[in-house]
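Participant: The structure follows.
The values are calculated or read from the model by the stated rules, or taken from the named source; none is laboratory data. Computed from a predicted structure; not experimentally measured. Backbone-built Cβ (ideal geometry, glycine too); neighbour counts: all protein chains shown.
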C-alpha cells in the first residue's frame with residue numbers, strides 16, 4: 001500500500017515537473033508572442049495553471065515527507081487504521097462491503113477505497129474484527145460489524 005502510494009505520487013510529481021518546466025513555459029512564450037498581455041486569456045490561463053501546478057507540487061512533496069515518516073511497526077496490528085483492508089456488514093441494509101482505508105488524496109472508488117477522513121473511515125478507526133460500531137453519516141447513524149480485518153502491518157508481513 002505505501003509503495004503504491006509512493007509510486008503514484010512520484011509519477012504525478014514527474015508529470016507536473018515536466019509540465020512546469022517544459023509545457024507551461026512554451027505556452028507562456030506563445031501567448032506573449034500574441035501581444036497585449038492585459039487582454040490575453042491564453043497568457044492568463046497559462047499563469048493560473050503554473051500557479052496550480054506549483055501548489056500541487058508543494059502539496060505532493062509534503063505528502064511524500066509524511067509517507068516517509070510512517071512507521072509501520074508503530075501501527076496497531078489488530079485495529080482498523082491507514083491501509084487496512086476491511087470487510088463490514090451493514091446491519092440496516094443487511095449487506096457486506098469490502099474496502100481499503102486510504103488517505104484522502106488517493107481515493108479510488110472503483111478500487112474500493114474509503115478515505116480515512118470520511119465518516120466511515122473515522123467511525124471504523126481503531127475498531128477490531130468482530131466489533132460492531134456506530135457511524136454517524138449525513139443520512140443518520142448506521143451500525144457496522146467488522147467481519148474481517150487485515151491491517152497494513154499484517155499485509156506487509158504476508159509478503
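Participant: Kindly indicate the residue of the stretch 58-76 that is surrounded by 12 or more Cβ atoms within 10 Å (Cβ to Cβ) and over 16 Å from the mean Cα position of the chain (by Cα) and also modelled with the lowest pLDDT among those meeting that condition.
Facilitator: Checking each candidate, the answer is 72.
Participant: Related question: Let me spell it out: the conditions are (1) over 21 Å from the mean Cα position of the chain (by Cα); (2) outside the structural domain of residue 118 (by TED's automatic domain parsing); (3) surrounded by 13 or more Cβ atoms within 10 Å (Cβ to Cβ), and residue 12 meets all of them except one. Which number is the exception?
Facilitator: Single failed check for residue 12: (1).
Participant: Here's something else I'd like to know. Within the stretch 34-50, can you find the residues that are surrounded by fewer than 10 Cβ atoms within 10 Å (Cβ to Cβ) and assigned to a helix (DSSP H, G or I)?
Facilitator: The answer is 38, 39, 41.
Participant: Which one is surrounded by the fewest Cβ atoms within 10 Å (Cβ to Cβ) among residues in the stretch 95-111 that are modelled with pLDDT under 85 and over 10 Å from the mean Cα position of the chain (by Cα)?
Facilitator: That would be 110.
Participant: Hey, another quick one. Taking residue 133, is it more than 23 Å from residue 157 (Cα to Cα) and over 19 Å from the mean Cα position of the chain (by Cα)? Break it down into steps so the answer makes sense when it comes.
Facilitator: Values: more than 23 Å from residue 157 (Cα to Cα): yes; over 19 Å from the mean Cα position of the chain (by Cα): yes.
Criteria met by residue 133.
Participant: Output the number of the condition that residue 110 fails; it satisfies all remaining conditions of (1) in a loop (DSSP other than H, G, I, E, B); (2) out of contact with any strand residue (DSSP E or B) (no Cβ under 7 Å at 6 or more places or on another chain).
Facilitator: Condition not satisfied by residue 110: (1).
Participant: Given the conditions (1) at pLDDT 90 or above; (2) within 23 Å of the chain's Cα centre (by Cα); (3) not in a helix (DSSP H, G or I), which single one is not true for residue 92?
Facilitator: (2)
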